[in-house]
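Chemist: Below: one structure in structure tokens.
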Amino acid sequence: MRKTFLALVLVVVMLLSCQVALYASYGLNVIENDSIGVIYFNLGKAYNILRDQVKSFDKTADANTRQQIEQVLGTLGAENPLARDLSVAKINEAIEKWHNDGVFIPTGGVWISVSKDLQPKVVIEASIKPDKIAEFLKSAPNTQGLDFTPKNNIISFNAPGMDLPIEINSERIVIGKVAATAEKPGENWQPYYKRVTSPDQHLALELDVQSIIESVLTLHQQRSTSTSEKSCAANMRVMTAATEMYNMDNQTAMSELNVNELVKGQYLKEPMKCPNGGTYSSRGDLAKEGEIVCSIHNTINDLKIYDGPAQPAAKIDVASQLPDPRLQHITRARIFADTEGMMIAVAVKDEPTRKQFQEMLQQNIKMLEQQLSQSKGDVRVETVKKLFASLSHIDRAPWLGISFKQSENEQILVGTAVVGVLAAIAIPNFQKARMQARKSACFANQRVLLGGTEMYNMDNEKMLHNLDIQALVDGQYIKSAPECPDGGTYSSEGDLAENGRIKCSIHGSVE
């Protein structure tokens with residue numbers, strides 16, 4: 001009896017130790033109660049299974065499977081250097097070389113979270129050789145001036161052009177401002193914590209859908225507001241300079257802003273327009289120390305000292321910004337994959353909308369099953385058919401979705417496939433948004449250059465007909481030479497003393 005009791009105590013201690021080890025994972029630190037999205041993927045397990053399966057492929061795969069796999073590899077595209085004449089043997093050779101080099105070997109999870117300000121936090125658990133990683137980073141583009149020399153076997157630097165710290169040591173890569181200790185999970189994240197701390201979990205993704213939508217729309221609004229403020233401030237500087245020139249040239253000074261008179265006297269090319277539709281007027285005597293005023297953004301000095309929009313941003317009407325208003329009723333989304341299977345589900349807070357989504361889901365699944373039944377012979381189609389054979393519906397309000405049952409090795413590969421699909425969907429959209437933001441920043445630079453040139457031409461008898469950034473900097477018409485976020489070069493098109501414009505070699509011109 002005593003031995004049995006001691007054995008039981010030992011088992012309990014071992015189980016608790018395992019659970020403590022799981023909770024001690026540094027990756028858990030990325031999850032915060034204000035996180036709006038978190039992804040965990042057991043990259044270490046996927047790597048080991050993939051390596052084992054590729055290594056034993058010739059011994060375990062039958063002739064038909066081998067032929068189908070080779071056909072799939074042949075469809076990856078000959079134009080891709082990595083895919084040219086690709087075979088399982090070549091993949092195995094590449095994986096084994098990678099493993100033997102030991103520069104970066106996944107040992108655990110990839111943990112990613114995003115906060116409400118859309119700042120990422122990432123932890124990648126792996127066995128790493130920092131000195132070898134440093135050599136690779138030094139050869140990467142856009143890293144000039146960064147010090148990648150390991151100090152105490154740790155590489156620390158900030159991502160170029162971003163307030164995003166990166167730390168690389170022998171056990172992990174940490175990207176972003178990750179807390180030293182994990183937060184105690186709130187009610188919203190408790191189910192996710194339970195899932196992600198299970199040793200059987202392969203993939204766990206959860207999104208706070210409404211917070212993500214609001215954060216993206218808010219950030220877009222803030223960026224638009226910031227660009228608008230800069231443009232409006234440039235307009236007011238140009239009108240102030242134009243008024244001063246008018247008062248120097250004319251016996252009767254302009255005490256109040258008269259845009260038409262400035263245009264008529266060719267002190268302005270055309271009436272200035274506030275990007276947000278504000279109207280311009282004057283405050284005080286412009287012949288003395290008066291100021292130009294915008295009805296929305298106030299004065300230039302107000303914009304300089306005010307931390308944020310000159311007026312509070314209007315509350316975002318989320319429903320009007322969505323492609324389908326019903327999306328406002330989806331509160332959370334989940335994808336969980338473990339040794340038993342995979343689940344994909346969303347929480348819908350509005351019951352009529354939930355019923356509509358339920359009918360749409362069932363119709364789409366039937367349609368896909370019909371399409372699959374007409375396809376034969378393709379290993380990828382057969383894999384999907386197998387998934388559908390084990391499919392069941394999730395219908396527990398507010399959750400709605402589907403689940404699949406699979407073996408462990410199959411599921412880890414399915415998890416990998418899901419990550420690939422998510423990346424295929426998310427990355428192009430992220431890149432598109434990023435490209436648009438960089439294009440907007442470039443256009444803002446062009447407006448600043450054009451405004452500086454106009455002010456220069458008002459002040460100097462010898463006007464600039466072509467863009468001369470150095471002359472604008474030397475004359476203090478701009479603080480510093482603006483740089484295109486994508487590395488484009490700025491030049492002029494037409495005569496800047498008349499109706500010319502600024503253009504970028506990558507993004508073109510504003511108009």
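The values are calculated or read from the model by the stated rules, or taken from the named source; none is laboratory data. All values reported here derive from a predicted model rather than from experimental measurement. Cβ: placed from backbone, ideal geometry, glycine included. Neighbour counts: every protein chain shown.
Chemist: Being crowded, with 18+ Cβ neighbours inside 10 Å and part of a loop (DSSP other than H, G, I, E, B) is the filter here; which residues of segment 156-184 pass it?
Modeler: 176, 178, 182
Chemist: While we're here: Those residues that are within 24 Å of the chain's Cα centre (by Cα), surrounded by 13 or more Cβ atoms within 10 Å (Cβ to Cβ) and among the charged types (D, E, K, R), I need them from segment 85-134; list them, please.
Modeler: If the condition is that a residue be within 24 Å of the chain's Cα centre (by Cα), surrounded by 13 or more Cβ atoms within 10 Å (Cβ to Cβ) and among the charged types (D, E, K, R), then 116, 121, 125 are the ones that fit.
Chemist: Counting only residues that are surrounded by fewer than 13 Cβ atoms within 10 Å (Cβ to Cβ) and of a type in the set (Ser, Thr, Tyr), how many does segment 135-155 have?
Modeler: 2
One line per residue, one yes/no per condition, for (1) more than 22 Å from residue 32 (Cβ to Cβ); (2) of a type in the set (A, V, I, L, M, F, W, C):
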{"site": "110", "(1), (2)": "no, yes"}
{"site": "122", "(1), (2)": "no, yes"}
{"site": "139", "(1), (2)": "yes, no"}
{"site": "154", "(1), (2)": "yes, yes"}
{"site": "162", "(1), (2)": "no, yes"}
{"site": "165", "(1), (2)": "no, no"}
{"site": "168", "(1), (2)": "yes, yes"}
{"site": "178", "(1), (2)": "no, yes"}
{"site": "182", "(1), (2)": "no, yes"}
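Chemist: Let me ask something additional. Which residue, of 38, 88, is within 30 Å of residue 214 (Cβ to Cβ) and either among the basic types (Lys, Arg) or modelled with pLDDT of 65 or more (or both)?
Modeler: 38
Chemist: Hey, which of the strands (runs of 3 or more DSSP E) in segment 268-368, taking only ones fully inside, have at least 3 residues that are under 30 Å from residue 203 (Cβ atoms) and modelled with pLDDT of 85 or more?
Modeler: Here the list reads 330-338, 341-348.
Chemist: Return yes when residue 69 is farther than 30 Å from residue 179 by Cα, surrounded by 15 or more Cβ atoms within 10 Å (Cβ to Cβ) and at pLDDT 75 or above and no when it is not.
Modeler: Against the criterion (farther than 30 Å from residue 179 by Cα, surrounded by 15 or more Cβ atoms within 10 Å (Cβ to Cβ) and at pLDDT 75 or above), residue 69 does not qualify.
Chemist: For segment 240-267, give me the residue count where each residue is surrounded by 13 or more Cβ atoms within 10 Å (Cβ to Cβ), hydrophobic (A, V, I, L, M, F, W, C) and assigned to a helix (DSSP H, G or I).
Modeler: Adding up the residues that qualify gives 6.
Every residue, every condition in (1) within 20 Å of residue 477 (Cα to Cα); (2) in contact with a Lys or Arg (Cβ under 6 Å, 6 or more places away or on another chain); (3) of a type in the set (D, E, K, R), yes or no:
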{"residue": "230", "(1), (2), (3)": "yes, no, yes"}
{"residue": "238", "(1), (2), (3)": "yes, no, no"}
{"residue": "241", "(1), (2), (3)": "yes, no, no"}
{"residue": "245", "(1), (2), (3)": "yes, no, no"}
{"residue": "271", "(1), (2), (3)": "no, no, no"}
{"residue": "276", "(1), (2), (3)": "no, no, no"}
{"residue": "279", "(1), (2), (3)": "no, no, no"}
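Chemist: If you don't mind, there's one more thing I want to ask. Considering only segment 395-511, give the strands (runs of 3 or more DSSP E) lying wholly within it that have at least 1 residues that are aliphatic (A, V, I, L, M), modelled with pLDDT of 70 or more and within 30 Å of residue 339 (Cβ to Cβ).
Modeler: Correct list: 399-405.
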